[in-house]
Amino acid sequence: MRRALQALALLALPVALVSLARAGAEAAPPAIVAMWDGKDGASVRAALLPIAALGEGPDASARQKLESGEAAWWLGVQDDWAGRSDSAVAQWRRAVALRGDFDEGFALIDALSRRATVSALGEAYGLAAALADQARSGMPSRLAEAQGRLAWTRYERGHADSALAGVLEWSDALRRRPAWTRRLATIEHAAGDQARAWKSLTLLSARTRGRDAAVESLLVLTQRALGYSDEQRVSAVSSLRDPVERGEWRFTMLLAASQDSMRAKDGFTVRWYRVPAQSGTASKPPLLLVLAPDDSLVSSDSLAASFAAAGRTVVLLPPRGSITALGHGAYGPEAWAGRPAAFSSTIAADAARVMDALAQKHAVPSGGWLVGGAGDAAPVALAIARARRDTRALVLVAPRLPVVEVAETRARLRAQGTRTYVQVSPEEQDALELADLLSRQTAPGQVRVADSGARGRGVAIFRADPKVAKRLLDWLAEPAARN
């Protein structure tokens, strides 16, 4: 019976449900409908709270508990995005009790692990063990992450040897995921498995470009334990790092791009790339694009080249913890774990400083900006556009946003009235559904959704066909709709 209920819970995944609802094959759960149709974030919360409470009654049916668990999960996500970590934990505990799905379970484990108290780690370990058993018996796609979290809670409780033994089978798969590389390296080093720690640490050193002193120190210790020379260490890291940096060098050379940096108020060095408009073209508002943390600089080449050829300077801003934007406190995506609000506000502030600095240096034309965000950086672009009156249009590339945040985002777009272009591809189905939801309840013509019809993820979508960028540039040339 439990497995049958878990299978039903999977139907609550928002992307799948959008498609099902369109086809008329399945009625969406009440929590999903509330998030689709909400006027703003407050109205979504007001609708979700009674749904979450319904399943806690003594006479609640199995289906009601599942639906209530769904609502509690999304309430926790909303709290997490607002920076209310304690409230998020409370809602995810409710969701685990009512539904027991991996989404809320993993989120709760991670939040408890960050607290690092004895009681929190004990709770996290118990839940991680239960979810690992559950994944092993019926959800193999979740097994690697489940075993990874179980290993991490074991390590945090002082059992590095058992942590490593439990995750060995999945270590190669986890090592390749940026969010897991550091945790895996920590476990392997603590457990004394120098050969595996070497694999993780050389990869981590390459990703952090040798700037993370803690990683470099562990790598040297591992090198010495294995009896390797300094040359072997340098060679191992270079084989991973050099191809990426050569690609970035070619990018700057082919597009005449310049790299620059400035120090933020907190001391972090903010870095960006400027691709100038081609000489002889008419001056137009420049584009500042915040890259997704999992994008590469090189993947933005077609977009940047098309804009430059059309007379638009492009400023590419890697968010802290990605590409070359590395420094104290942000050497990878794990720096922002559990802090989505801080990520958005911090990177938006970085972008504002860059835009102002470029304007003061007359490095970009005056007259306003186009503001863009790719993937997980879409909320950053929205925050920039909301804060700056000189935003002429908003460009979102394969945006990612929790469905519980859609209504509030839509409300802000509606209030701002900013023209918005959303570019997606067949490989970015989540983004396509999100774009459809964003276009609801906004002014006619305010939000344009474009599907490339070709392969490509993130900003690499523009590599598929020159027409992808041309459609965007043509849209920018259109006069804004009058309402």
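Checking Tyr125 against (1) open to solvent by 30 Å² or more (accessible area, probe 1.4 Å); (2) closer than 23 Å to Ala62 by Cα; (3) over 24 Å from the mean Cα position of the chain (by Cα), which test does it fail?
(2)
Looking at this structure, is Ser239 out of contact with any helix residue (DSSP H, G or I) (no Cβ under 7 Å at 6 or more places or on another chain), in a helix (DSSP H, G or I) and more than 30 Å from Ser279 (Cβ to Cβ)?
Working: out of contact with any helix residue (DSSP H, G or I) (no Cβ under 7 Å at 6 or more places or on another chain): yes; in a helix (DSSP H, G or I): yes; more than 30 Å from Ser279 (Cβ to Cβ): yes.
For Ser239, the condition - out of contact with any helix residue (DSSP H, G or I) (no Cβ under 7 Å at 6 or more places or on another chain), in a helix (DSSP H, G or I) and more than 30 Å from Ser279 (Cβ to Cβ) - is met.
So, in the stretch 87-107, exactly how many residues are closer than 15 Å to Glu70 by Cβ and either of a type in the set (Phe, Trp, Tyr) or within 20 Å of the chain's Cα centre (by Cα) (or both)?
6
Mind listing whichever residues of the stretch 296-349 are part of a strand (DSSP E or B), under 30 Å from Arg183 (Cα atoms) and over 13 Å from the mean Cα position of the chain (by Cα)?
Here is the first cut: in the stretch 296-349, the residues part of a strand (DSSP E or B) are 314-317, 322, 325, 327, 330.
Imposing the further condition that a residue be under 30 Å from Arg183 (Cα atoms) reduces the set to 316-317, 322, 325, 327, 330.
Matches in the stretch 296-349: Leu316, Leu317, Ala325, Gly327, Ala330.
Taking the stretch 395-404 as the search range and keeping residues that are within 21 Å of Lys470 (Cα to Cα) and part of a loop (DSSP other than H, G, I, E, B), which one is nearest to the chain's Cα centre (by Cα)? Give the derivation first.
Within the stretch 395-404, the subset within 21 Å of Lys470 (Cα to Cα) is 395-399.
Filter once more, so that each one left must be part of a loop (DSSP other than H, G, I, E, B): 398-399.
Working: Ala398: 11, Pro399: 9 Å.
Here the residue is Pro399.
Considering Trp249, Trp272, which residue is at pLDDT 95 or above, part of a helix (DSSP H, G or I) and farther than 30 Å from Asp79 by Cα? Give the steps one after another, and end with the answer.
Values: Trp272 fails: part of a helix (DSSP H, G or I).
Exactly one of Trp249, Trp272 is at pLDDT 95 or above, part of a helix (DSSP H, G or I) and farther than 30 Å from Asp79 by Cα, namely Trp249.
Mind checking which residues of the stretch 246-255 are out of contact with any helix residue (DSSP H, G or I) (no Cβ under 8 Å at 6 or more places or on another chain) and in contact (Cβ under 8 Å) with a residue 12 or more places away in the chain? Spell out how you get there, then give the answer.
At the first step, the residues of the stretch 246-255 found to be out of contact with any helix residue (DSSP H, G or I) (no Cβ under 8 Å at 6 or more places or on another chain) are 246, 249, 252-253.
If the condition is that a residue be out of contact with any helix residue (DSSP H, G or I) (no Cβ under 8 Å at 6 or more places or on another chain) and in contact (Cβ under 8 Å) with a residue 12 or more places away in the chain, then Thr252 is the only one that fits.
Can you tell me which residue among Asp266, Asp242 is open to solvent by 30 Å² or more (accessible area, probe 1.4 Å), charged (D, E, K, R) and closer than 26 Å to Ala352 by Cα?
When all the criteria are applied, what remains is Asp266.
For Ser261, state whether it is surrounded by fewer than 22 Cβ atoms within 10 Å (Cβ to Cβ) and in a helix (DSSP H, G or I). Quick ask: steps written out before the conclusion?
Values: surrounded by fewer than 22 Cβ atoms within 10 Å (Cβ to Cβ): yes; in a helix (DSSP H, G or I): no.
Taking the combined requirement at face value, the residue does not satisfy it.
Could you please find all residues in the stretch 54-93 being charged (D, E, K, R), farther than 20 Å from Tyr125 by Cβ and crowded, with 17+ Cβ neighbours inside 10 Å?
If the condition is that a residue be charged (D, E, K, R), farther than 20 Å from Tyr125 by Cβ and crowded, with 17+ Cβ neighbours inside 10 Å, then Lys65, Glu67, Glu70, Asp79, Asp80 are the ones that fit.
Identify, please: which residue in the stretch 279-295 is part of a loop (DSSP other than H, G, I, E, B) and not small (Gly, Ala, Ser) and is, among those, most open to solvent (accessible area, probe 1.4 Å)?
Of the residues in the stretch 279-295, the ones part of a loop (DSSP other than H, G, I, E, B) are 279-286, 291-295.
Narrowing the set further to residues that are not small (Gly, Ala, Ser) leaves 281, 284-286, 291, 293-295.
On the way: Thr281: 49, Lys284: 65, Pro285: 38, Pro286: 0, Leu291: 0, Pro293: 48, Asp294: 108, Asp295: 23 Å².
Across the stretch 279-295, the extreme among qualifying residues is Asp294.
Hey, among Asp301, Asp294, which residue is of a type in the set (D, E, K, R) and modelled with pLDDT of 95 or more? Reasoning before the result, please.
Values: Asp294 fails: modelled with pLDDT of 95 or more.
Answer to the selection: Asp301.
Mind listing whichever residues of the stretch 443-480 are open to solvent by less than 30 Å² (accessible area, probe 1.4 Å) and touching a strand residue (DSSP E or B) at 6+ places or on another chain (Cβ under 8 Å)?
Across the stretch 443-480, the qualifying residues are Gln446, Val447, Ala450, Ser452, Gly458, Val459, Ile461, Phe462, Val468, Leu472, Trp475, Leu476.
Take Ala407 and decide whether it is buried (at least 21 other Cβ atoms within 10 Å of the Cβ) and assigned to a strand (DSSP E or B).
On the way: buried (at least 21 other Cβ atoms within 10 Å of the Cβ): yes; assigned to a strand (DSSP E or B): no.
No, not satisfied.
Are any residues in the stretch 419-431 within 23 Å of the chain's Cα centre (by Cα) and either surrounded by fewer than 20 Cβ atoms within 10 Å (Cβ to Cβ) or of a type in the set (Lys, Arg) (or both), and if so, which ones?
Selection gives Pro426, Glu427, Gln429, Asp430.
Of these, Trp336, Trp272, which one is among the aromatic types (Phe, Trp, Tyr) and closer than 21 Å to Arg400 by Cβ?
Numbers: Trp272 fails: closer than 21 Å to Arg400 by Cβ.
One residue alone meets the criteria, Trp336.
With open to solvent by less than 10 Å² (accessible area, probe 1.4 Å), closer than 23 Å to Gly332 by Cβ and modelled with pLDDT of 95 or more as the only criterion, which of Gly105, Gly148 stands out? I'd like the intermediate steps shown before the answer.
Working: Gly105 fails: closer than 23 Å to Gly332 by Cβ.
The unique qualifying residue is Gly148.
Test each condition in (1) hydrophobic (A, V, I, L, M, F, W, C); (2) open to solvent by less than 50 Å² (accessible area, probe 1.4 Å); (3) part of a loop (DSSP other than H, G, I, E, B) for Ala256 and report the one that comes out false.
Exception for Ala256: condition (2).
Is it the case, given these coordinates, that Thr153 is open to solvent by 50 Å² or more (accessible area, probe 1.4 Å) and over 24 Å from Leu66 (Cα atoms)? Walk me through how you get there before you give the answer.
On the way: open to solvent by 50 Å² or more (accessible area, probe 1.4 Å): no; over 24 Å from Leu66 (Cα atoms): yes.
Judged against the criteria, Thr153 is not a match.
Scan Arg209, Arg274 and give me the residue that is touching a residue at least 12 places away in the same chain (Cβ under 8 Å), on the phi > 0 side of the Ramachandran plot and under 24 Å from the mean Cα position of the chain (by Cα). Outline the logic, then answer.
Details: Arg274 fails: on the phi > 0 side of the Ramachandran plot.
Residue meeting the stated conditions: Arg209.
Look through Arg455, Arg392, Arg448 and report the one residue that is farther than 25 Å from Ala71 by Cα, part of a loop (DSSP other than H, G, I, E, B) and among the charged types (D, E, K, R). So that I can check it myself, show each step before the final result.
Numbers: Arg392 fails: part of a loop (DSSP other than H, G, I, E, B); Arg448 fails: part of a loop (DSSP other than H, G, I, E, B).
Being farther than 25 Å from Ala71 by Cα, part of a loop (DSSP other than H, G, I, E, B) and among the charged types (D, E, K, R) holds for just one of Arg455, Arg392, Arg448, which is Arg455.
Examine the stretch 365-388 for a residue that is in contact (Cβ under 8 Å) with a residue 24 or more places away in the chain, under 19 Å from Leu255 (Cβ atoms) and open to solvent by 10 Å² or more (accessible area, probe 1.4 Å), and state whether such a residue exists. Don't jump to the end; show me each part of the working.
Restricting attention to the stretch 365-388, the residues satisfying the condition of being in contact (Cβ under 8 Å) with a residue 24 or more places away in the chain are 365, 367-377, 379-388.
Imposing the further condition that a residue be under 19 Å from Leu255 (Cβ atoms) reduces the set to 365, 370, 372, 374.
Then keep just the ones that are open to solvent by 10 Å² or more (accessible area, probe 1.4 Å); that gives 365.
Yes, the conditions are met somewhere in the stretch 365-388.
Scan the stretch 37-53 for residues that are crowded, with 18+ Cβ neighbours inside 10 Å, of a type outside the set (Val, Ile, Thr) and touching a helix residue (DSSP H, G or I) at 6+ places or on another chain (Cβ under 6 Å) and jot them down.
The initial filter retains those residues of the stretch 37-53 that are crowded, with 18+ Cβ neighbours inside 10 Å, namely 38, 41, 44-45, 47-48, 51-52.
Those still in the list that are of a type outside the set (Val, Ile, Thr) too: 38, 41, 45, 47-48, 52.
Result: Gly38, Gly41, Ala47, Leu48, Ala52.
The values are calculated or read from the model by the stated rules, or taken from the named source; none is laboratory data. Bear in mind that the values here come from a model prediction, so they are computed numbers and not experimental data. Here the Cβ is made from the backbone with ideal geometry for all residues, glycine too, and neighbour counts use every protein chain on show. What goes into the accessible areas is simple: the full protein's heavy atoms, side chains included, and nothing from ligands, DNA or RNA. Shrake-Rupley method; radii C 1.70, N 1.55, O 1.52, S 1.80 Å.
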